[in-house]
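Structure first, then comments.
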């Protein structure tokens with residue numbers, strides 16, 4: 001999966017960073033931004049999930065991993081975050097339903 005992400009430092013009003021989500025689960029995600037965030041940084045995100053409905057969800061968590069930070073890669077910084085809370089139960093449900101639809105679609109492809 002490769003989809004739009006907006007992020008901001010926790011407590012800020014404005015989303016300052018734009019990036020992409022690579023991998024996602026109900027407990028966290030791997031993503032990229034133009035600049036790395038420090039390990040442990042608490043952030044709030046808004047993700048737009050691919051598909052016909054363009055489902056969005058909002059969550060808060062913290063950066064748990066930096067990928068390739070030691071390589072001085074000139075490209076986007078890849079990181080992982082752990083979700084601590086969702087903005088609402090609706091946001092959590094949207095993500096869970098998206099993940100289930102994606103799993104069902106993959107299972108159908110394998111079975112075909």
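A short reminder: the numbers here are calculations on the coordinates, not readings from a lab. Given the structure is predicted, the values throughout are model-derived calculations rather than measurements. Please note: Cβ atoms are built from the backbone with ideal geometry, for glycine as well, and neighbour counts cover all protein chains shown.
Can you give the helix-only mean residue ellipticity at 222 nm for the chain, where every DSSP H stretch with n ≥ 4 adds -39500 (n - 2.57) and the sum goes over all residues, rounded to the nearest 500 deg cm²/dmol? The helix contribution divided over the chain gives -7000 deg cm²/dmol. Springs between alpha-carbon pairs under 10 angstrom, Gaussian network model over the chain: which of 40, 61, 51 fluctuates most? Per the Cα network of the chain with a 10 Å cutoff, 51 tops the list.
The modelled label-to-label distance for the pair residue 39/residue 102, using points 7 Å beyond Cα in the direction of Cβ, is 2.6 nm. By the Stokes-Einstein formula, at 0.692 mPa s and 37 °C, the chain with its Kirkwood radius over alpha-carbon pairs has D equal to 225 µm²/s. Among 46, 78, 101, whose mean-square fluctuation peaks in a Gaussian network model of the chain (Cα, cutoff 10 Å)? It is 101. Mind checking the full-extension length gain between residue 17 and residue 66? Use 0.36 nm per residue of separation minus the Cα-Cα distance, one decimal, nm. Result: 16.0 nm gained on full extension.
Please give the FRET efficiency for residue 109 paired with residue 26, using the beta carbon to beta carbon distance and R0 = 35 Å, rounded to the nearest 0.05. The calculated FRET efficiency here is 0.95.
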